[in-house]
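In what follows, a single structure is set out as structure tokens and then discussed.
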Amino acid sequence: MNPNDIQVTDDIVAEHGLTLAEYARVIELIGRKPNFTELGLFSAAWNEHCSYKSSKVWLKTLPTTGPKVIHGPGENAGVVDIGDGQAVVFKMESHNHPSYIEPFQGAATGVGGILRDVFTMGARPVANMNALRFGAPDHPRTRHLVAGVVAGIGGYGNCIGVPTIGGETNFHASYNGNCLVNAMTVGIVQTDRIFTSAATGIGNPVVYVGSKTGRDGIHGATMASNVFGEGTDEKRPTVQVGDPFTEKLLLEACLELMAEDAILSIQDMGAAGLTSSSVEMAAKGGLGIELDLDKVPTREAGMTSYELMLSESQERMLMILDPRRADRARAVFEKWGLDFAIIGKTTDTGRIVLRHQGRIDCDLPLGALADEAPLYNRPYETPPLPPAIAAFDKKVDPGQALLHLMGSPDLCSRRWIWEQYDHMVMADTIQRPGGDAGVVRIHGTTKGLAITTDVTPRYVAADAVTGGAQAVAEAFRNLCAVGAEPLAVTDCLNFGNPQNPQVMGQIVGAIQGIGDACRALDMPVVSGNVSLYNQTGELAIQPTPAIGAVGLLADIDRMATLGFKAADDVILLIGTTKGHMGQSLYLREIAAQEAGPPPPVDLAAERRHGEFVRGLIREGRLSAVHDCADGGLLVALAEMALAGDRGAEISTPLDEADKTAFLFGEDQARYLICAKPDFAEAVLAEAEAQHIPCTRLGRTTDRTGRLTIDGFRPISLAELRSAHEGWLPGFMAAKPQ
Amino acid sequence: MKAAVIVFPGSNCDRDIADALAKICGMQPHMVWHKDQDLPEGLDLIVLPGGFSHGDYLRSGAIAAQAPVMRAVKSRAEAGCAVLGICNGFQILTEAGLLPGGLMRNAGLKFICRDVWLKVDAADTIYTRSYGSDAVIRIPVAHHDGNYTADERTLDKLEAEGRIAFRYTDPEGNIADTANPNGSARSIAGVLSANRRILGLMPHPERLIDPIQGGTDGRPMFNSLMEAFA
């Protein structure tokens with residue numbers, strides 16, 4: 001069948017997600033009407049997901065360079081030097097829309113896609129992370145989505161054999177119609193063997209490797225650039241199907257060939273499949289490309305050029321090979337049982353030409369596809385301020401409040417999730433899920449990589465600039481809390497419909513906040529992804545600019561963990577506590593208010609406090625460290641007690657009326673640290689000398705199993721543990737209402 | 001000591017076990033591709049590593065059990081060579097008929113990755129001698145299909161012949177349903193062949209051999225092997 005027999009009408013243009021103005025621009029650029037296949041290519045290259053047309057003007061304001069940055073945004077993943085001839089390669093990416101439609105495969109292929117982005121660059125993936133957001137627990141779809149997404153992430157990562165070492169999960173009604181699945185992969189590469197995507201050389205073979213192409217996922221990226229409405233379930237065929245076994249073979253085959261000088265450039269086929277990979281490679285190299293689509297390995301007969309170019313079948317790669325090494329390359333891929341097909345060649349024409357069944361089905365200037373996508377500076381407004389905090393009962397017993405919080409959906413243990421992920425394969429996991437950051441040893445060395453994902457969407461919703469900065473600050477804090485030197489971040493920016501000026505205002509504000517924090521904390525943004533249109537009808541998600549951050553531990557023997565280690569260690573609080581209750585979980589969960597401004601972020605204090613704590617860890621002077629985040633100081637203390645199975649006694653410096661705010665306020669730039677008494681004295685003195693706020697709170701106790709706060713009824717650790725561990729398994733085991 | 005690790009397509013603990021052998025036993029094992037017909041001469045030990053051979057898209061281990069190299073593994077096993085199957089390797093050994101029984105989907109139906117407690121039931125083997133009798137150890141599991149099953153006669157026979165190498169227990173060494181992570185019959189975590197030279201187990205001793213990993217209870221297995229083949 002000749003797809004170009006289909007006439008391109010206004011309706012067909014609209015179905016391809018292009019506006020009539022954008023279509024007019026296409027005609028202007030190529031000097032004629034595109035045929036159906038060509039329209040498909042424009043639709044794939046110009047959609048929001050691939051072109052960043054609504055966000056690019058703002059993304060350009062982010063800091064992306066630094067002395068250790070080898071590759072920033074624009075490659076498949078960011079690359080940062082970690083010394084000794086090695087670099088860390090990482091990126092976080094969303095797979096939101098597919099995961100809502102088909103949670104298992106949507107999440108699985110999200111993991112598969114981000115893994116490919118990392119090993120495409122020559123890196124062996126060493127860790128996966130994820131950031132998940134689901135609707136309210138009482139929403140009828142939530143349980144199904146949690147079960148499917150978690151099984152999908154595990155199913156893919158476990159099989160390919162890359163440990164999933166942590167992440168974050170939140171529940172909120174704004175995600176009822178749009179869950180978020182953000183997957184991050186971190187890999188390690190030799191700095192002299194980094195592979196990039198720009199095609200080089202004229203007449204070099206263009207090689208397709210991996211799985212065969214089927215009709216799955218056609219227009220996936222276009223689907224992911226739209227608001228959900230009625231009929232979302234009919235979009236299931238646009239979700240791809242993952243095959244982690246084939247990806248494992250592809251990983252090993254690619255790394256085996258990458259050890260030799262055969263591959264000139266390489267790009268994985270992700271969103272918009274063969275279209276985006278071939279267009280990006282040729283355009284980046286300033287070349288042209290000709291493909292003979294009859295040579296593409298297919299798993300179904302009768303696929304048209306349109307379908308071949310737009311399929312999002314998984315586990316595929318496109319490479320430009322050194323022609324002298326093509327036979328060797330074929331042997332490697334055939335050893336691993338993978339398809340290997342020379343499907344075209346590089347040219348000097350600056351055009352993409354597609355031949356199929358004796359016809360030329362497409363002949364377009366690459367620049368029009370790659371560089372001329374429309375850019376929008378969309379109108380934006382500062383979103384309205386949240387309501388002021390109404391009076392609430394401050395006399396709630398802190399033990400009761402803590403018990404409630406520790407067993408609430410956003411603070412309960414995520415064990416039910418991470419026990420379904422193989423977090424130990426590769427035998428280098430040295431900090432398992434549940435701590436401030438996951439840590440893997442750099443294989444064969446005594447160095448480590450610490451990894452965290454963070455954002456507090458309710459803060460961003462209340463004040464996008466502060467919320468954006470807080471996400472970076474918390475990531476920085478989580479890395480410092482294990483003793484790692486923060487290196488760089490990847491961002492995964494999830495928002496609603498950018499054509500709504502208030503949503504656009506959230507995007508603009510959050511990017512400003514992220515940029516401010518990244519500059520202040522010396523953490524450049526080296527890779528990222530934008531996911532817009534996370535919206536169902538008029539209801540947009542809470543703005544969720546997730547930050548994935550990576551830090552370096554110079555010596556893994558000097559790594560901190562959060563559990564109390566011994567009795568009679570002194571517990572110190574680093575940072576200033578004003579008792580900020582706005583947007584706190586206490587306010588939401590105990591006082592039933594989502595109100596007030598988020599806690600202010602003092603980036604200079606974050607930096608000084610983080611560096612101070614990191615220095616103490618490096619000197620080996622601390623027995624336990626934990627940052628104060630969601631839920632505030634008392635929640636942090638409880639998490640330390642549960643992790644170490646030891647109690648604590650603390651006293652609060654404020655008078656009774658303010659104790660709630662002291663214990664549950666979410667002031668930033670704070671850490672709880674523990675040290676032996678003689679060390680603690682030295683720490684207090686040193687903090688004073690450096691003008692770091694440092695308060696003695698109390699001491700750890702033996703296994704008496706209690707948290708004691710002056711003047712209140714002691715809190716039983718057993719009760720806390722039962723509430724903390726019980727909520728998620730109980731929720732998942734319960735029958736839907 | 002001379003060892004080989006078989007690499008199947010989809011194996012993903014092959015490097016981990018090779019590292020453990022190098023680190024503790026001081027030897028680099030031969031890495032043997034599943035399509036090879038022959039094994040190196042003079043092997044003391046063959047390891048079938050963990051992973052998802054052929055994606056486990058059929059029954060776990062069923063396709064790998066038919067790999068060309070498995071004929072050589074069987075003939076070496078018959079000649080008395082030690083064969084260790086961990087996780088997917090255990091599944092392959094049962095599918096290949098080198099060990100009795102089979103591994104079904106976990107009773108809870110979910111993949112499980114966590115530390116479990118094991119009691120060393122058979123301490124008189126080349127794998128377990130360094131643990132001592134009735135030792136209780138902590139080792140991680142990571143599997144979807146670890147639910148050991150066999151008919152009652154086989155289970156009775158395994159018990160009578162002392163061929164249950166490890167059982168899942170609580171930290172005090174007591175057998176209990178709550179301490180059995182996957183529903184395995186009689187809490188069996190590892191079994192031995194009749195000649196006690198073949199061991200299959202679901203837990204991963206190679207993952208806990210260094211304090212930085214959170215424990216060292218995997219180490220004595222490699223110490224035992226090193227002593228056996230010194």
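The values are calculated or read from the model by the stated rules, or taken from the named source; none is laboratory data. From a predicted model like this one, the values you see are computed outputs, not experimental measurements. Virtual Cβ from ideal backbone geometry, glycine too; neighbours counted across all protein chains shown.
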Residue count, the stretch A:511-546 (criterion: of a type outside the set (A, V, I, L, M) and assigned to a loop (DSSP other than H, G, I, E, B)): 8
Filter pass, A:L264 being touching a Phe, Trp or Tyr at 6+ places or on another chain (Cβ under 6 Å), of a type outside the set (G, A, S) and outside any loop (DSSP other than H, G, I, E, B): no
Residue that is surrounded by the fewest Cβ atoms within 10 Å (Cβ to Cβ) [pool: residues in the stretch A:251-261 that are assigned to a helix (DSSP H, G or I) and of a type in the set (D, E, K, R)]: A:E256
Some residue of the stretch B:13-22 being of a type in the set (V, I, T), away from chain A (no Cβ under 14 Å) and in contact (Cβ under 8 Å) with a residue 12 or more places away in the chain: no
Close pairs from the stretch A:363-376: first surrounded by fewer than 18 Cβ atoms within 10 Å (Cβ to Cβ), partner assigned to a helix (DSSP H, G or I) and among the polar types (S, T, N, Q), Cβ under 8 Å, at least 6 apart: A:P374/A:S51
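Please verify whether A:E666 is touching a helix residue (DSSP H, G or I) at 6+ places or on another chain (Cβ under 9 Å) and within 20 Å of A:A560 (Cα to Cα), treating the condition exactly as stated.
no
Just name the residue that is farthest from the other protein chains (Cβ to nearest Cβ) out of those in the stretch A:235-250 that are in contact with a helix residue (DSSP H, G or I) (Cβ under 6 Å, 6 or more places away or on another chain) and buried (at least 24 other Cβ atoms within 10 Å of the Cβ).
Of the residues in the stretch A:235-250, the ones in contact with a helix residue (DSSP H, G or I) (Cβ under 6 Å, 6 or more places away or on another chain) are A:235-236, A:238-242, A:244-245, A:247-248.
Next cut, buried (at least 24 other Cβ atoms within 10 Å of the Cβ) only: A:239-240, A:242, A:244, A:247-248.
Details: A:V239: 20, A:Q240: 17, A:G242: 11, A:P244: 7, A:E247: 10, A:K248: 6 Å.
Per the stated criteria, the residue is A:V239.
For A:Q499, state whether it is of a type outside the set (A, V, I, L, M) and either in contact with a helix residue (DSSP H, G or I) (Cβ under 6 Å, 6 or more places away or on another chain) or part of a strand (DSSP E or B) (or both). Lay out the reasoning, then the answer.
Working: of a type outside the set (A, V, I, L, M): yes; either in contact with a helix residue (DSSP H, G or I) (Cβ under 6 Å, 6 or more places away or on another chain) or part of a strand (DSSP E or B) (or both): no.
No.
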Residue in the stretch B:162-169 that is in a loop (DSSP other than H, G, I, E, B), out of contact with any helix residue (DSSP H, G or I) (no Cβ under 7 Å at 6 or more places or on another chain) and closer than 20 Å to B:H204 by Cβ present: no
Residue count, the stretch B:184-202 (criterion: under 18 Å from B:T125 (Cα atoms), more than 14 Å from chain A (Cβ to nearest Cβ) and in a loop (DSSP other than H, G, I, E, B)): 5
Strands (runs of 3 or more DSSP E) contained in the stretch A:132-211 and holding at least 3 residues closer than 20 Å to A:D491 by Cβ and out of contact with any helix residue (DSSP H, G or I) (no Cβ under 7 Å at 6 or more places or on another chain): A:164-171
Number of positions in the stretch B:125-156 that are over 26 Å from A:Y421 (Cβ atoms), modelled with pLDDT of 95 or more, of a type in the set (D, E) and in a loop (DSSP other than H, G, I, E, B): 1
Among residues of the stretch B:48-78, those that are within 10 Å of another protein chain (Cβ to nearest Cβ) and on the phi > 0 side of the Ramachandran plot, counted: 4
Residue that is surrounded by the fewest Cβ atoms within 10 Å (Cβ to Cβ) [pool: residues in the stretch A:419-464 that are assigned to a loop (DSSP other than H, G, I, E, B), more than 13 Å from every other protein chain (Cβ to nearest Cβ) and not charged (D, E, K, R)]: A:T456
Enumeration of residues in the stretch A:157-201 that are crowded, with 22+ Cβ neighbours inside 10 Å and touching a His at 6+ places or on another chain (Cβ under 7 Å): A:P163, A:T164, A:I165, A:V181, A:A183
Subset tally (residues that are touching an Asp or Glu at 6+ places or on another chain (Cβ under 8 Å) and either β-branched (V, I, T) or on the phi > 0 side of the Ramachandran plot (or both)) for the stretch A:116-136: 2
Long-range neighbours under 6 Å by Cβ, at least six apart or interchain, first residue at the interface with another protein chain (Cβ under 10 Å from one of its Cβ atoms) and in contact (Cβ under 8 Å) with a residue 24 or more places away in the chain within the stretch A:141-161, second buried (at least 24 other Cβ atoms within 10 Å of the Cβ) and basic (K, R): A:I160/A:K248
Residue match in the stretch A:405-415 (condition: within 14 Å of chain B (Cβ to nearest Cβ), surrounded by fewer than 21 Cβ atoms within 10 Å (Cβ to Cβ) and part of a helix (DSSP H, G or I)): yes
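In this structure, is A:T490 under 18 Å from A:A669 (Cβ atoms), under 14 Å from the mean Cα position of the chain (by Cα) and buried (at least 24 other Cβ atoms within 10 Å of the Cβ)?
Numbers: under 18 Å from A:A669 (Cβ atoms): no; under 14 Å from the mean Cα position of the chain (by Cα): yes; buried (at least 24 other Cβ atoms within 10 Å of the Cβ): yes.
Taking the combined requirement at face value, the residue does not satisfy it.
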Total residues in the stretch B:19-41, condition among the aliphatic types (A, V, I, L, M), in contact with a strand residue (DSSP E or B) (Cβ under 8 Å, 6 or more places away or on another chain) and not in a loop (DSSP other than H, G, I, E, B): 3
Close pairs from the stretch A:390-415: first on the phi < 0 side of the Ramachandran plot and of a type in the set (D, E, K, R), partner at pLDDT below 95 and assigned to a loop (DSSP other than H, G, I, E, B), Cβ under 7 Å, at least 6 apart: A:D397/A:F712; A:D397/A:R713
Pairs, first within 14 Å of chain A (Cβ to nearest Cβ) and of a type in the set (D, E) in the stretch B:203-230, second crowded, with 18+ Cβ neighbours inside 10 Å and not in a strand (DSSP E or B), C-beta under 7 Å, six or more apart: B:E206/A:A427; B:E206/B:C13; B:E206/B:D16; B:E206/B:I17; B:E206/B:A20; B:E206/B:G218; B:D217/B:L208
Filter result for B:C113 (within 12 Å of another protein chain (Cβ to nearest Cβ), at positive phi and either touching a strand residue (DSSP E or B) at 6+ places or on another chain (Cβ under 6 Å) or crowded, with 24+ Cβ neighbours inside 10 Å (or both)): no
Flag for B:I126 being under 25 Å from B:E161 (Cβ atoms) and either within 12 Å of another protein chain (Cβ to nearest Cβ) or within 14 Å of the chain's Cα centre (by Cα) (or both): yes
Verdict on A:R621 being under 17 Å from A:G563 (Cα atoms) and either at pLDDT 95 or above or touching a Leu at 6+ places or on another chain (Cβ under 7 Å) (or both): no
Residue list for the stretch B:129-158, filter: buried (at least 21 other Cβ atoms within 10 Å of the Cβ) and more than 13 Å from every other protein chain (Cβ to nearest Cβ): B:Y131, B:I137, B:N147, B:Y148, B:L158
